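Chemist: My structure is below; once you've seen it, I'll send some questions.
The values are calculated or read from the model by the stated rules, or taken from the named source; none is laboratory data. Nothing here was measured: the structure is a model prediction, and the numbers come from that model. For neighbour counting, all protein chains shown are included, and Cβ atoms are generated from backbone atoms with ideal geometry for every residue, glycine included. What goes into the accessible areas is simple: the full protein's heavy atoms, side chains included, and nothing from ligands, DNA or RNA. Shrake-Rupley method; radii C 1.70, N 1.55, O 1.52, S 1.80 Å.
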Amino acid sequence: MSLNIYNTLVRQKEEFKPLVEGRVNMYVCGPTVYGHSHIGHAKSYVSFDIIVRYLRYLGYKTLYVQNITDVGHLTDDADEGEDKIAKQSKKDRVHPMQVVESYTRSYFEDMDALGVVRPDISPRATGHIIEQIEMARDLIKKGFAYEKNGSVYFNVAKFKEYGKLSRRPLEEMEAGARVEVNKEKRNPADFALWKKADAEHIMQWESPWGMGFPGWHLECSAMSMKYLGETFDIHGGGMENQFPHHECEIAQSECSTGKQFVKYWIHNNMVTVGGQKMGKSLGNVINLKDAFKKYTPLVVRFFILQSHYRSTLDFTNEALDGASKGYEKLLNTVRNVRNEIEKLGKSENQKNEDVPFLDLTGFKKAFLEAMDDDFNSPQAIGVLFDLNREVNTVLAGSKSNLKLLNEINGIYNELAGTVLGIIPDQLESAVAGGGENDLIQFIIELRAEARAQKLWVMSDKIRDGLKNLGIVIEDKKDGTTWRRE
RNA sequence: GGCGCCGUACCCAAGUGGUAAGGGAGAGGUCUGCAAAACCUUUAUGCGACGGUUCGAAUCCGCCCGGCGCCUCCA
């Protein structure tokens, strides 16, 4: 089977064929850095993270570009209102660039915690003003844009295919339905490539049309094409950006180059909170830094991957708690496999005889088939749990050997680790030595003696005490193991 | 008003023509000094309602009900 991707452009799954054999150029709309990241960012970037991870797993040399928007988004309409970053800088009483810097760091901090692999290039809009001006100038020269009072607008009427992504025919759009029509525009649907800046506007640059700043949509076109070429393989983003953002990107890019802009458009769905849209206006935005206080980042990641990227994800404590338990179950098995490997590695007895049969190849195949089908991570995780059950059975039995366990460990590392990114780098081992671990091991030995003498009150007290310290004791046939909660 | 999505057990969630994955929770059992973990069994003749197409539909078509999103900044 081969990789199939749901392409918004054609509204169906298509077999993935890169423009250049063995290579993938991919761009994803990044965050506007004027506040801490929220769970919506988490869903989006975790989703695209497994797409990048899987493409790389399949052997594609993947160049992943994700912008940082540090200027240009306005609070109301795309072309009106206040600059959000400028607004935040006034509120925090710091320079806009300081706002941008601190929230950019915050963003990467959160994404790192979620195990999101960093983009190869994270271009900033303010670092590409020249490219944006150049593109606007080119579009004027080619007759697709016009200047009016120091601002530059894209003339939507000049691009017949406008609306092909979002399937909104221009003539059916109600002009000024909710936003007052800008008098400078020839057509209400025209959008700004460049905006004239007032004197008090802090972030502004010199241009052929006077002092100003770039329009919202321009940065993504200018930066993606700069690093990925005039036509590239994949462009991703949130569904809410299909219109107008991505539509405008297509219009300005294809008019500028005369070529197709993007081959596959991938859109991820939104997060809801208690069934309601999450948004600033509703005041129900959940920041990641807050969410992480209650759920570890990898639980959040696992929770996200347990639903498909094109489905909405409802963020509730009940659902998170369920995911948390399931995740722990999966991790427990991986931990036990590793413990067993260390233990067997040290012992003389390799227990080679009668090794149970485990169809690891079959599990791997099922996993990959799920991922091939438009990155169906929930189904892939289902396969992992099927495998889990059989591995637990092997672990509970007396028949296993190092070779089999190493193969099992390899599969977990490959599928759950490399592809899904849900196994932490550091998974404590109860067998490995080291200061605190030795101490815990010593306490467990004391308890073993108490148990040998049937001093149940004492042994239970030790168990409870360790539990209160976050250390869980498990008595097994061949001894006691422990793990941190 | 225009465009679009969704409705699967108590909760979360795959499945898009061949007879309901997986996780959580619940019940019973095995193991255990007791726990915990793990394993086994069990929990939707049923996939919002009603019609239709088909040998066969959760899956396709129609209609209705309910929820949500976009059209305005948002991942």
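Chemist: Residues being β-branched (V, I, T) and open to solvent by 10 Å² or more (accessible area, probe 1.4 Å): count how many of those fall in segment A:364-389.
Modeler: The number of residues fulfilling the criteria is 1.
Chemist: Something else: Residues that are more than 8 Å from RNA strand B (Cβ to nearest atom), part of a helix (DSSP H, G or I) and within 17 Å of A:E485 (Cα to Cα): does segment A:339-354 have at least one?
Modeler: Yes, some residue in segment A:339-354 is more than 8 Å from RNA strand B (Cβ to nearest atom), part of a helix (DSSP H, G or I) and within 17 Å of A:E485 (Cα to Cα).
Results for (1) modelled with pLDDT of 95 or more; (2) closer than 19 Å to A:I51 by Cα; (3) within 16 Å of RNA strand B (Cβ to nearest atom), shown as yes or no for each residue.
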residue: A:Q204; (1), (2), (3): no, no, no
residue: A:W216; (1), (2), (3): no, no, yes
residue: A:M223; (1), (2), (3): yes, no, yes
residue: A:E240; (1), (2), (3): no, no, yes
residue: A:C248; (1), (2), (3): no, no, yes
residue: A:A251; (1), (2), (3): no, no, yes
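Chemist: Please determine whether any residue of segment A:367-385 is free of Cβ contacts under 8 Å to residues at least 12 places away in the same chain, under 30 Å from A:H38 (Cα atoms), of a type in the set (S, T, N, Q) and in the same structural domain as A:G397 (by TED's automatic domain parsing).
Modeler: Looking through segment A:367-385, at least one residue is free of Cβ contacts under 8 Å to residues at least 12 places away in the same chain, under 30 Å from A:H38 (Cα atoms), of a type in the set (S, T, N, Q) and in the same structural domain as A:G397 (by TED's automatic domain parsing).
Chemist: Only residues that are open to solvent by 70 Å² or more (accessible area, probe 1.4 Å), away from RNA strand B (no atom under 11 Å from the Cβ) and either of a type in the set (K, R) or not assigned by TED's automatic domain parsing to the domain that holds A:F16 (or both): list them for segment A:255-289, please.
Modeler: Answer for segment A:255-289, where residues must be open to solvent by 70 Å² or more (accessible area, probe 1.4 Å), away from RNA strand B (no atom under 11 Å from the Cβ) and either of a type in the set (K, R) or not assigned by TED's automatic domain parsing to the domain that holds A:F16 (or both): just A:K259.
Chemist: Kindly provide the set of residues from segment A:309-338 that are more than 7 Å from RNA strand B (Cβ to nearest atom) and either touching a His at 6+ places or on another chain (Cβ under 6 Å) or free of Cβ contacts under 8 Å to residues at least 24 places away in the same chain (or both), ordered by number.
Modeler: Result: A:N317, A:E328.
Chemist: Tally up the residues in segment A:98-117 that are assigned to a helix (DSSP H, G or I) and either in contact (Cβ under 8 Å) with a residue 24 or more places away in the chain or outside the structural domain of A:Y34 (by TED's automatic domain parsing) (or both), please.
Modeler: 9
Chemist: Within segment A:27-49, track down each residue that is in a helix (DSSP H, G or I), more than 17 Å from A:G283 (Cβ to Cβ) and near RNA strand B (Cβ under 7 Å from one of its atoms).
Modeler: Passing the criteria: A:H41, A:K43, A:S44.
Chemist: Further question on the same structure: Restricting to segment A:390-415, give me the number of residues that are open to solvent by 40 Å² or more (accessible area, probe 1.4 Å), at pLDDT 90 or above and more than 16 Å from RNA strand B (Cβ to nearest atom).
Modeler: Final tally of qualifying residues: 4.
Chemist: In this structure, does A:I140 turn out to be crowded, with 21+ Cβ neighbours inside 10 Å and modelled with pLDDT of 95 or more?
Modeler: So A:I140 does not fit the description; no.
Chemist: Also, I was wondering about something else. Counting just the residues of segment A:290-328 that are of a type in the set (S, T, N, Q) and within 25 Å of A:D373 (Cβ to Cβ), which one comes out least open to solvent (accessible area, probe 1.4 Å)?
Modeler: Only one residue fits best here, namely A:S307.
Chemist: Can you name every one of the helices (runs of 4 or more DSSP H) wholly within segment A:376-485 that holds 1 or more residues which are hydroxyl-bearing (S, T, Y) and more than 31 Å from the chain's Cα centre (by Cα)?
Modeler: Where helices (runs of 4 or more DSSP H) fall fully within segment A:376-485 and carry at least 1 residues being hydroxyl-bearing (S, T, Y) and more than 31 Å from the chain's Cα centre (by Cα), they are A:377-396, A:456-468.
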